[in-house]
Amino acid sequence: MMKLDRIQINQDRMNGQPCIRNLRLTVRRVIELVALYPDRQELQREFPELENEDIRQALLYAASSLDDRVIELQPYALAA
């Protein structure tokens, strides 16, 4: 069983989007930040309120929200 005690959904905050603790950081925003800041230390300098466990649970929440289906992708063609 996964523990997601840092993810909160409140209809009166951030339009009911899942957020990290009582912060105004949505799970979606945290996922974007992880992609934008590949250096975790730089991310934590910019957002010191965001803890490692917050990031871990945001990733886990996002992963659990996705379907486990195979999507066929087009082959990648190199430009000539």
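Kindly provide log₁₀ I(q)/I(0) values, in the same order as q = 0.12, 0.19, 0.21, 0.25 Å⁻¹, from the Debye equation applied to equal alpha-carbon scatterers of the chain. One equal scatterer on each Cα of the chain leads to -0.44, -0.84, -0.96, -1.19. Each stretch of four or more DSSP H residues adds -39500 (n - 2.57); spread over every residue of the chain, this sum gives -11500 deg cm²/dmol at 222 nm. Annotation: per residue accessible area for the chain equals 81 Å², rounded to a whole number [probe 1.4 Å, protein chains only]. Angle of helix 52-65 to the longest C-alpha principal axis of the chain, folded into 0 to 90 degrees and rounded to 10: 60°.
Across segment 1-63, Cα pairs under 8 Å and at least six residues apart give a relative contact order of 31 percent. Counting only protein heavy atoms and a probe of 1.4 Å, the accessible surface of the chain is 50% carbon and sulfur.
Modelled label positions at Arg13 and Glu49, each set 7 Å beyond Cα in the direction of Cβ, lie 1.0 nm from each other. Placing unit charges on the Cβ atoms only, positive for Lys and Arg and negative for Asp and Glu, gives the chain a dipole magnitude near 180 debye about its Cα centre.
The values are calculated or read from the model by the stated rules, or taken from the named source; none is laboratory data. What you see is a predicted model, and the numbers here were worked out from it, not measured in a lab. Every residue, glycine among them, receives a Cβ derived from its backbone with ideal geometry; neighbour counts consider all protein chains shown. Heavy atoms of the whole protein, side chains included, go into the accessibility calculation; ligands, DNA and RNA do not. Shrake-Rupley method; radii C 1.70, N 1.55, O 1.52, S 1.80 Å.
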